[in-house]
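FYI, it's all coordinate maths here, none of it is from the lab. What you see is a predicted model; the values in this text were computed from it and never measured. A quick note on method: Cβ atoms are made from the backbone with ideal geometry, for glycine too, and the neighbour counts reach across all protein chains shown.
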Amino acid sequence: MVMPASHRYSALVASHSSSFGSLIDKTSSNMNSFLTWITANQQIIYIVILMIFVGIEVIGRVPSVLHTPLMSGANAIHGVVIIGAIIVMGKAESDNYLALILGFLAVILGTLNVVGGFVVTDRMLEMFKKKKK
């Protein structure tokens, strides 16, 4: 005997309602933990948003003539990235390949950034030296 479509739908909904309920519980739990994290870090979030707006205002007021020397100096200061990457690689477990690879890439890219900053700064300073005749 064939079950009518309405009974088949009811049976399907009944069988999946418990799994749907657990999905809602997991989503609600994740949302509560996210809101708890937001509440715990509210001051830091405000500071980051303020830093974004202040940075946009400061950079927007820099004349284009000064942009290249300031950026080259900022690139040279990014040696902090290299130190952070070395710390991450040092603290990573030997079987955590993702942390080791990302740390290695950060060291390489940070080194390129620092070297590039020094090269550009040196070229900019060469422009201001008097040429020998």
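Quick notes
- Fully extending the segment from Asp95 to Leu112, taken as 0.36 nm per residue of separation minus the present Cα-Cα distance, adds 3.4 nm.
- With neighbours defined as other Cβ atoms within 10 Å of a residue's Cβ, the residues Asp95, Asp122 order from fewest to most as Asp95, Asp122.
- Extending 7 Å from the Cα toward the beta-carbon at both Val81 and Ala40 defines two label points whose distance is 3.0 nm.
- When Ile82, Ile47 are sorted by how many other C-beta atoms sit within 10 angstrom of their C-beta, beginning with the fewest, the order is Ile47, Ile82.
- Full-stretch length increase - Val54, Asn32 - with 0.36 nm per residue and alpha-carbon distance subtracted: 4.8 nm
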